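Participant: Have a look at this one before I ask anything.
The values are calculated or read from the model by the stated rules, or taken from the named source; none is laboratory data. Because the structure is a prediction, the values reported are computed rather than measured. As a convention, Cβ positions derive from the backbone with ideal geometry for all residues, glycine included, and neighbour counts pool all protein chains shown. Areas reflect the complete protein model, heavy atoms only, side chains present, ligands, DNA and RNA absent. Shrake-Rupley method; radii C 1.70, N 1.55, O 1.52, S 1.80 Å.
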Amino acid sequence: MTTLPLPATELSADEARRLALRAQGFLGAPDRRAGVRGVLRHLGAVQLDTISVLARSHELIPYARLGAVGRKTVEDAYWKPGSTDTPPARPHAFEYWSHAACILPIEEWPHFAFRRRAYRNRPHWNHHLPDGTYAQVVEQLRTEGPLTATDLGGAKRTSEWWDWSGTKVAVERALMYGEVVCVERRGWKRVYDLAERAVPAELLHDELDDAECLRRLVRLAGQALGVGTRADIADYHRLRGDQVDAVIADSGLVPVTVEGWGRPAWADPAALETPPRGRHRTTLLSPFDSLVWERARTERIFGFTHRLEAYVPKQKRVHGYFAMPVLAGGRLVGRVDPAREGRTLVAKQVTLDGPKAAPAVARALVEAAGWVDCTDVRVERVDAPDLREPLTTELARLLA
């Protein structure tokens, strides 16, 4: 076990919560000039997921912080070069395995060299790769790219979700190795191109050793979290605990204690210099938002138990298919399971943390409705029936 230095600071639970909110972009004025790209750089990773109810999760992340930014604007910010970029045009982001499948700032490409090396050294794979297919796919991308798996010859051999074609296996392996990059999502399909064309030349290398890569990712995780335990920091980019232990003392983060956490924690020293102040954001959160994606941390910071139930059998769901936590006043005050019917946002199931939460939940629903071009909001079920009237009354007032 690594010997930990003495904590530099003692934080109350409330101070830790506010540090986390500011670090994640929910406390204080949002940086609208930096926009979606600024959110991506600030967080260091934006998780992707196939589920789309109001919108896909990678769209919900900047929306939650910036408000009703256009959805095309979001996609363009991730993948399209800016008008001031000098040729050759390069994307501002790439997709790779971090917390899960994530959009990552292109400047972090060198710091995932440790993971690319690990994939290249992997002794076995779940999918069989036919002889010659890998070289064939790389050559096809070289002559025809960028291409989707369908363009390369098809993603699946059968209709089974796991039964990838040889070309799909090859291009995904090339993505893991770093020879190929996902340069955008088109109709939710990955668009692949050679890394040598998509990644700026000054970033296209694996020269950093594992320790330097890990120090960078640990430091980025600490900055994005504000304050976190070893497990919190490891989870952000899905590092192992021993990898964090090996570099955290040299990462630039400082040890702190947090009231009620019962375990060592580390903080971004820059975050400790100035007390968190400013306006709190009121918004619906994607379950894949980095503020809440780790359940143990969410419970520790907010006293809020949340579970994504999309993959739970319908009859066993408690809060709904895609229940979205509601953030208001720096607290998680409820959750909403949304759907859309034409131009109506439907709150299929709503949980409120008491009557005082009704105005905030109503406001979050109305703002989200406007963002996705809905003109009305309908509430189907409120878990506490006596809270239905305060919620619907406030909705009617806001929609009037």
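Participant: Quick check on segment 71-85. Is at least one of its residues crowded, with 18+ Cβ neighbours inside 10 Å, charged (D, E, K, R) and touching a residue at least 12 places away in the same chain (Cβ under 8 Å)?
Facilitator: In the first step, residues of segment 71-85 are kept if they are crowded, with 18+ Cβ neighbours inside 10 Å; the result is 74, 77-79.
Add one more test, that the residue is charged (D, E, K, R), and what stays is none.
Within segment 71-85 (the criterion being crowded, with 18+ Cβ neighbours inside 10 Å, charged (D, E, K, R) and touching a residue at least 12 places away in the same chain (Cβ under 8 Å)), the answer is no, since none of the residues qualifies.
Participant: Among the numbered conditions (1) crowded, with 16+ Cβ neighbours inside 10 Å; (2) farther than 21 Å from Arg219 by Cβ; (3) within 19 Å of the chain's Cα centre (by Cα), tell me where Tyr96 comes up short.
Facilitator: For Tyr96, the exception is condition (2).
Participant: If the requirement is being of a type in the set (S, T, N, Q) and within 23 Å of Ala93 (Cβ to Cβ), which of these qualifies: Thr150, Thr143, Thr167?
Facilitator: Thr150 is the lone residue from the list that is of a type in the set (S, T, N, Q) and within 23 Å of Ala93 (Cβ to Cβ).
Participant: In this structure, does Leu220 turn out to be modelled with pLDDT of 95 or more, open to solvent by 20 Å² or more (accessible area, probe 1.4 Å) and not polar (S, T, N, Q)?
Facilitator: Working: modelled with pLDDT of 95 or more: yes; open to solvent by 20 Å² or more (accessible area, probe 1.4 Å): yes; not polar (S, T, N, Q): yes.
Criteria met by Leu220.
Participant: Let me ask something else about it. So which of Gly154, Gly132 is modelled with pLDDT under 95, touching a Lys or Arg at 6+ places or on another chain (Cβ under 8 Å) and more than 28 Å from Ser290 (Cβ to Cβ)?
Facilitator: Just one listed residue meets the conditions, Gly154.
Participant: For the structure I just gave you, tell me whether Ala55 is surrounded by 15 or more Cβ atoms within 10 Å (Cβ to Cβ) and out of contact with any Phe, Trp or Tyr (no Cβ under 6 Å at 6 or more places or on another chain).
Facilitator: Spelling it out, Ala55 is indeed surrounded by 15 or more Cβ atoms within 10 Å (Cβ to Cβ) and out of contact with any Phe, Trp or Tyr (no Cβ under 6 Å at 6 or more places or on another chain).
Participant: Now, a different point. For segment 176-198, state whether one or more residues are of a type in the set (Val, Ile, Thr), open to solvent by less than 30 Å² (accessible area, probe 1.4 Å), farther than 16 Å from Ala113 by Cα and modelled with pLDDT under 95. First the steps, then the outcome.
Facilitator: Filtering segment 176-198 for residues of a type in the set (Val, Ile, Thr) gives 180-181, 183, 191.
So of that shortlist, the ones also open to solvent by less than 30 Å² (accessible area, probe 1.4 Å) come out as 180-181, 183, 191.
Those left that are additionally farther than 16 Å from Ala113 by Cα: 183, 191.
Narrowing the set further to residues that are modelled with pLDDT under 95 leaves 183, 191.
Within segment 176-198, one or more residues are of a type in the set (Val, Ile, Thr), open to solvent by less than 30 Å² (accessible area, probe 1.4 Å), farther than 16 Å from Ala113 by Cα and modelled with pLDDT under 95.
Participant: Additional query: Just checking, does segment 342-362 include any residue being open to solvent by 70 Å² or more (accessible area, probe 1.4 Å), farther than 30 Å from Ala45 by Cα and either touching a Ser or Thr at 6+ places or on another chain (Cβ under 9 Å) or touching a residue at least 40 places away in the same chain (Cβ under 8 Å) (or both)?
Facilitator: Scanning segment 342-362 turns up at least one residue that is open to solvent by 70 Å² or more (accessible area, probe 1.4 Å), farther than 30 Å from Ala45 by Cα and either touching a Ser or Thr at 6+ places or on another chain (Cβ under 9 Å) or touching a residue at least 40 places away in the same chain (Cβ under 8 Å) (or both).
Participant: If you don't mind, there's one more thing I want to ask. Which one of the conditions (1) without any contact (Cβ under 8 Å) to a residue 60 or more places away in the chain; (2) touching a His at 6+ places or on another chain (Cβ under 8 Å); (3) of a type in the set (A, V, I, L, M) does Val36 fail to meet, given that it meets all the rest?
Facilitator: (2)
Participant: Follow-up. Select from segment 244-298 the residues that are in a strand (DSSP E or B) and polar (S, T, N, Q) and write down the one among them that is surrounded by the fewest Cβ atoms within 10 Å (Cβ to Cβ).
Facilitator: Thr257
Participant: Also: Going by the structure shown, is Gly228 in a strand (DSSP E or B), closer than 26 Å to Gly303 by Cβ and either of a type in the set (Lys, Arg) or out of contact with any Leu (no Cβ under 6 Å at 6 or more places or on another chain) (or both)?
Facilitator: Details: in a strand (DSSP E or B): yes; closer than 26 Å to Gly303 by Cβ: yes; either of a type in the set (Lys, Arg) or out of contact with any Leu (no Cβ under 6 Å at 6 or more places or on another chain) (or both): yes.
So Gly228 passes the test.
Participant: Turning to a different aspect of this structure: Which condition from (1) acidic (Asp, Glu); (2) part of a strand (DSSP E or B); (3) touching a residue at least 40 places away in the same chain (Cβ under 8 Å) is the one that Asp337 breaks?
Facilitator: All conditions are met except number (3).
Participant: Based on what the data block shows, is Arg37 of a type outside the set (Ser, Thr, Tyr), closer than 19 Å to Ile233 by Cβ and either assigned to a helix (DSSP H, G or I) or open to solvent by 20 Å² or more (accessible area, probe 1.4 Å) (or both)? Give the steps one after another, and end with the answer.
Facilitator: Numbers: of a type outside the set (Ser, Thr, Tyr): yes; closer than 19 Å to Ile233 by Cβ: no; either assigned to a helix (DSSP H, G or I) or open to solvent by 20 Å² or more (accessible area, probe 1.4 Å) (or both): yes.
No; evaluated as a whole, the condition is false for this residue.
Participant: Which condition does Lys356 not pass, out of (1) in contact with a helix residue (DSSP H, G or I) (Cβ under 8 Å, 6 or more places away or on another chain); (2) in a helix (DSSP H, G or I); (3) over 28 Å from Gly226 (Cα atoms), if it passes all the others?
Facilitator: Just one mismatch for Lys356, condition (1).
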